[in-house]
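The values are calculated or read from the model by the stated rules, or taken from the named source; none is laboratory data. Here the structure is a predicted model, which means the values were calculated and not measured. Cβ placement follows ideal geometry from the backbone for every residue including glycine, while neighbour counts extend to all protein chains displayed.
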């Protein structure tokens with residue numbers, strides 16, 4: 001029980017750090033090109049991954065061995081594209097709205113896992129997927145008026161992240177998590193370094209602490225999340241991830257003066273409820289399968 005508590009603490013700290021990272025990204029992206037901020041943020045992430053693997057028992061060299069080189073490189077490109085769209089969205093539609101729409105990602109993963117992975121999804125989860133999409137539509141019309149094209153940015157970001165997650169699930173059958181983490185970090189860092197320096201902007205001395213905090217939050221958040229997954233089951237961690245919406249909304253209202261509409265609250269509640277149900281239903285089916293056909297350990 002004590003170890004479980006430690007896992008939940010790590011998960012909650014990671015959630016707060018991720019929300020803080022988004023808030024810092026939004027603030028800095030109002031003064032600097034979003035591509036520049038994303039590049040610095042990703043460089044810090046790549047450095048953290050390489051340092052962690054270098055200190056691990058397996059090492060960096062063993063992590064480079066993959067059975068899916070093309071798919072692993074595609075994952076790196078998908079994630080850097082998702083982060084770029086997310087940071088652009090923070091500047092265009094706000095932190096709270098971006099977070100609310102992005103919560104559709106787990107629902108999109110369920111829908112895409114059928115055609116891309118051949119997984120079976122029962123009618124109950126399909127009902128939850130439909131309900132989640134209705135929730136997204138409610139969020140996309142915060143005033144009941146005309147749909148803003150800028151709202152498609154967080155939706156596109158959620159879609160890219162869903163495809164990235166499905167690809168991650170596909171490579172996980174034969175590649176280790178260390179291999180997937182290495183390719184995600186290195187490929188993404190190389191990709192954004194090809195054009196990111198074109199947007200290099202001198203950093204004000206007053207913004208250096210914020211940029212440093214952004215990099216530290218990025219490294220610590222991934223460290224805490226890794227520790228949480230080492231202690232808890234994925235089904236125990238994933239529902240807590242929705243608390244990032246609460247933390248992000250709190251930051252958006254408190255520090256950026258963003259307004260929260262009724263449509264955002266109702267739509268986000270539907271999306272979160274649908275996502276939690278999908279995860280619960282999926283874990284329940286796995287437990288049932290394990291009881292009927294126990295896995296060798």
Taking the stretch 233-283 and the residues there that are part of a helix (DSSP H, G or I) and out of contact with any helix residue (DSSP H, G or I) (no Cβ under 9 Å at 6 or more places or on another chain), the one that is modelled with the highest pLDDT would be 254
Among all residue pairs at least 6 apart or on different chains, which show Cβ distances below 8 Å where the first residue, located in the stretch 221-234, is farther than 25 Å from residue 41 by Cα and the second is modelled with pLDDT of 80 or more and surrounded by 17 or more Cβ atoms within 10 Å (Cβ to Cβ)?
231/7; 231/10; 232/7; 232/11
Let me spell it out: the conditions are (1) touching a helix residue (DSSP H, G or I) at 6+ places or on another chain (Cβ under 6 Å); (2) at pLDDT 90 or above; (3) assigned to a helix (DSSP H, G or I), and residue 219 meets all of them except one. Which number is the exception?
(2)
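Determine whether residue 197 is in a helix (DSSP H, G or I) and out of contact with any helix residue (DSSP H, G or I) (no Cβ under 8 Å at 6 or more places or on another chain).
Numbers: in a helix (DSSP H, G or I): yes; out of contact with any helix residue (DSSP H, G or I) (no Cβ under 8 Å at 6 or more places or on another chain): no.
For residue 197, the condition - in a helix (DSSP H, G or I) and out of contact with any helix residue (DSSP H, G or I) (no Cβ under 8 Å at 6 or more places or on another chain) - is not met.
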Only one of (1) part of a helix (DSSP H, G or I); (2) modelled with pLDDT of 90 or more does not apply to residue 202, and that is (1)
Of all residues in the stretch 55-64, count the ones that are surrounded by 12 or more Cβ atoms within 10 Å (Cβ to Cβ) and either modelled with pLDDT of 90 or more or part of a helix (DSSP H, G or I) (or both).
5
Checking residue 189 against (1) in a loop (DSSP other than H, G, I, E, B); (2) crowded, with 20+ Cβ neighbours inside 10 Å: exactly one of these is not met. Which one?
(1)
Positions within the stretch 162-184 being under 14 Å from the mean Cα position of the chain (by Cα) and closer than 18 Å to residue 53 by Cα, in sequence order:
181, 184
Go through (1) farther than 21 Å from residue 31 by Cα; (2) touching a helix residue (DSSP H, G or I) at 6+ places or on another chain (Cβ under 8 Å) for residue 55 and report which single condition fails.
(2)
Within the stretch 225-238, restricting attention to residues that are crowded, with 16+ Cβ neighbours inside 10 Å and within 14 Å of the chain's Cα centre (by Cα), which residue is farthest from residue 269 (Cα to Cα)?
225
